[in-house]
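Chemist: Handing you a structure now.
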Amino acid sequence: MSSLTEKDRPIVQLLLNAGTCPRCILRFCCVGSQMLYRQPHKDLMKDLQEFLKNNQGKEDTVCLDVAEPPCKRIRLTEHREEGADDQNHNGAIPQIPSADNGSAAVESSAVKVCNVCLGILQEFCEADFVKKVCQKVNSADYQFTSFVFSVSLPPQLSVRERAAWLGVKQEMRNLGLPLAKDDTVQLKEAYKWIIHPQLSEELGVPADGKSLFEVSVVFAHPETDEECHFLATACPDCFKPAKNKQSVFTRMAVIKALEKIKEEDFLKHFPCPPSSPKKLCDALEIQCNNGAVFVAGRYNKYSRNLPQTPWIIDGERKLESSVEELISEHLMAGFKADSFNFSSSGREDVDVRTLGNGRPFAIELVNPRRIRFTAEEMKRLQQAINDSSDKIQVRDLQLVTREAIGRMKEGEEEKTKTYSALIWTDRAIQREDIAFLDDIKELKLDQKTPLRVLHRRPLAVRCRLIHTMRSEYIDEHHFRLHLKTQAGTYIKEFVHGDFGRTKPNIGSLLNRTADILELDVESVDVDWPPTLAD
C-alpha cells in the first residue's frame, strides 16, 4: 500500500500552492496505487485538502488499500549538486502554505491548468476525451482483439518536471528535512493507469502491451514550446539537426540535456517550481495503426511484356502494369491496407516468362484495417487475382508470419533454378555440333556484372555454376537449351557472352556467335511457401 505521510506534507503544500494538479502531486510523492490515480479529480482535491488539515505528526493515508503492481520510476536528478543555489531564479525562497491555508491552495489550484503536466492528467483523463478517442478508433473500422495505447508528450514537460522537482528539493533543504526518494512516477505511466480501464470498457477489448493494434495520442502545447530553448545554449551538443525531424528539440534530446546541465545553471534559467500556463495541451492527433499482415504465395508470369515491379525511368512509366501491381491491387483492397512492400525469390526480366510451379513471393500489407481471413476467403482472393488478368496466375496464397518470410531468402544463392532458352547461331549447326553440351556437368562461370544491370548493381565478378544442360535441336540456326543452374546466374549473358564479360559462354563453347531469342524460368527450387491443397 502506498500512502501520503507527514514527510510528504511539505511537498503537497508546495506543489498545490504552485498550481500542480492532485495526480502530479501523487506522482512526486511516489504514490504507486493505480486505483488512487483513477479517482475523480475533485475527490483527489478533497482528499489532499483533508490531508493538509490533519494535525501535524499524525500519519495519514489518502489512497485505497489494494494490491498494486510495481510502478516504473524516472530519475529526475541525475546529478546532486552540493553547492546548488537554494533560491529560485528570482532569488526568492518559496513560501509554503501552512496546514491552515491548505484549503486556499486547493481552491486556487482547482481552476488552474497544472503547471507540470499541462492538463494531461486533468481534462484528458475525463470521459469526454476517452469517448472522443474511441469514436476515432471505431470510425476507422479496424479489426482488433486488444490494443496498446501510446502517448507522445511535448518535450517541455520534461523541463517542467525537472523544475518542479528542484523546487521540492530546495524547499526540503530549507526546512532541514531529508528527501526520502529521488524519483517520481512517470507521467506516461500514471496516464495509462487512468486511461486504460476507460478505453478497455468503451472499446470492449483489453489493453495488452504486446498487441499489434496501437492507439496513439500526440499532445502539443504551443504556449510553452520555447521553454526548451535555453538548453540548446547550455548543452549545444545535445541538439543536432537530424533527417526527418522538424525540430532539434526532441524529447530524447531534451532529456539528454537535462541529464547534462548543472543544477545551478538550470535554476538560473527556469522558475522552480514552474509557473502555471494559461491553456491546456492540445491533442493534435489521435491515430490508429495495425501491425503489418504478411501474405505469401507463388506466381506464374505468362507475358513477355510485363515487368515484375513498376518500370519507371526518369519519372516516366514504360509499361502500364507489373506483376507486383496485379497481385497487390486485390490484396490491398481485401485487407484495406495503407501500402505494401513486395519481395520475391529472385526476379525475371520483363521479356522472360515464369512457368512451372511459379516463383515464391511475399507481400507486407502495412496498417491493414482487416486482419482475419479464413482459408476459404484467401482462396477467393487468389481467384480474384487470377480472374483479373491472363498475364499472371497465383497459387498457394496464404497468411504467413514475418519470421517465415526469411525462409524465402535463406541460402538463396545455393538454390537451383531451371530454364529453357531459345538460341540462335550465326553459322549453321547440326545435331552433333551441340550434342556435347549434354555431357557438360558443373560448368564454372566467371560473370562480370552485366552491362544491362550495371546502373543498379555494383561492379564485381561472380562465380556461378551451370549444373546440367540438355540441348534440343530445332533447325540449322536454332536450338533450345534446358539448363539447371545456381540461383543468381545471368542466363542471357551465358548465351551471348556480354562482350566477353561472361566466360565461358555458349558462343565460345560452340565457336560461333550465339544469341538468345526467348527465355523461360521453368522452376525456382525454393521449398516455400507450403503447398496448399486445391
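Chemist: Can you give the extra length, in nm with one decimal, that the chain gains between Asn138 and Gln186 once fully stretched, where that is 0.36 nm per residue apart less the Cα-Cα distance?
Modeler: Full extension from Asn138 to Gln186 adds 14.4 nm.
Chemist: Given the chain, what whole percent of its Cα pairs are spread farther than 40 Å?
Modeler: 49
Chemist: Which three semi-axes in whole Å describe the equivalent ellipsoid of region 292-412, each the square root of 5 times a Cα gyration tensor eigenvalue, listed largest first?
Modeler: The answer is 22, 16, 15 Å, longest axis first.
Chemist: Provide the packing ranking of 13-20, 165-172, i.e. peptides ordered by the mean count of other C-beta atoms within 10 Å per residue, highest first.
Modeler: With the highest mean Cβ count within 10 Å placed first, the list reads 13-20, 165-172.
Chemist: A follow-up question, please. With label points built 7 Å along Cα→Cβ from the Cα atoms of Arg427 and Arg402, find their separation and express it in nm.
Modeler: It works out to 5.9 nm between the two label points.
Chemist: Please give, to one decimal in nm, the separation of the simple spin-label points placed at Glu325 and Ser146, each 7 Å out from Cα toward the Cβ.
Modeler: 4.0
Chemist: Leaving out ligands, DNA and RNA but keeping every protein chain, what accessible area does Ile327 have, in Å² rounded to the nearest 10, with a 1.4 Å probe?
Modeler: Surface accessible to solvent at Ile327 totals approximately 0 Å².
Chemist: For Phe499 and Cys463, calculate 0.36 nm times their separation in residues minus their Cα-Cα distance, and state this gained length in nm to one decimal.
Modeler: That works out to 11.2 nm of additional length.
Chemist: Further question on the same structure: Work out the length of the dipole vector of the chain about its Cα centre, built from +1 on the beta-carbon of each Lys and Arg and -1 on the beta-carbon of each Asp and Glu, and round it to the nearest 20 debye.
Modeler: Here the chain has a charge dipole of around 480 debye.
Chemist: Go through 227-236, 139-148 and give me the packing order, highest mean Cβ count within 10 Å leading.
Modeler: Packing order, densest peptide first, comes out as 227-236, 139-148.
Chemist: How much FRET efficiency would the formula 1/(1 + (r/R0)^6) give for Glu214 and Lys262, where r is the Cβ-Cβ distance and R0 is 41 Å, rounded to 0.05?
Modeler: Once the sixth-power term is evaluated, E becomes 0.60.
Chemist: Lys240 versus Ile440, label points 7 Å from Cα toward the beta carbon: distance in nm?
Modeler: For the pair Lys240/Ile440, the computed spacing is 5.4 nm.
Chemist: Going down the list Lys301/Lys417; Lys53/Lys192; Lys42/Lys188; Lys169/Lys240; Lys336/Lys415; Lys42/Lys131, which pairs span over 23 Å between their C-alpha atoms?
Modeler: Over 23 Å Cα-Cα: Lys53/Lys192; Lys169/Lys240; Lys336/Lys415.
Chemist: Over its Cα atoms, what ratio of radius of gyration to 2.2 N^0.38 Å does region 417-524 give?
Modeler: 1.01
Chemist: Within the accessible area of the chain, what % is carbon and sulfur when the probe is 1.4 Å and the other protein chains stay in place?
Modeler: Looking at the chain in its full context, I get 48 percent from C and S.
Chemist: Of Ile474, Cys463, Thr502, which is farthest on the positive side of the dipole of region 417-524, counting Cα position, with +1 on Lys and Arg Cβ, -1 on Asp and Glu Cβ, and the Cα centre as origin?
Modeler: Among Ile474, Cys463, Thr502, the one farthest towards the positive end of the dipole of region 417-524 is Cys463.
Chemist: Please give the Cα centre distance for region 236-260 versus region 404-427, rounded to the nearest Å.
Modeler: Computed from Cα coordinates, the inter-centre distance equals 49 Å.
Chemist: Another question, then. Pairs of Cα atoms under 8 Å, at least six residues apart: use those to get the relative contact order of region 302-388, whole percent.
Modeler: For region 302-388, the relative contact order is 32 percent.
Chemist: Rolling a 1.4 angstrom probe over the protein heavy atoms, how many square angstrom per residue are accessible across the chain?
Modeler: Result: 49 Å² per residue.
Chemist: Still on this structure, I have one more. Stretched out fully, how many nm does the piece from Asp390 to Glu476 gain, at 0.36 nm a residue minus the Cα gap?
Modeler: 27.6 nm
The values are calculated or read from the model by the stated rules, or taken from the named source; none is laboratory data. Note that the structure is a prediction, hence the values are computed from the model and not measured. Ideal geometry is used to build each Cβ from the backbone, glycine not excepted, and the neighbour counts take in all protein chains shown. All accessible areas refer to the heavy atoms of the entire protein, side chains included, with ligands and DNA or RNA removed. Shrake-Rupley method; radii C 1.70, N 1.55, O 1.52, S 1.80 Å.
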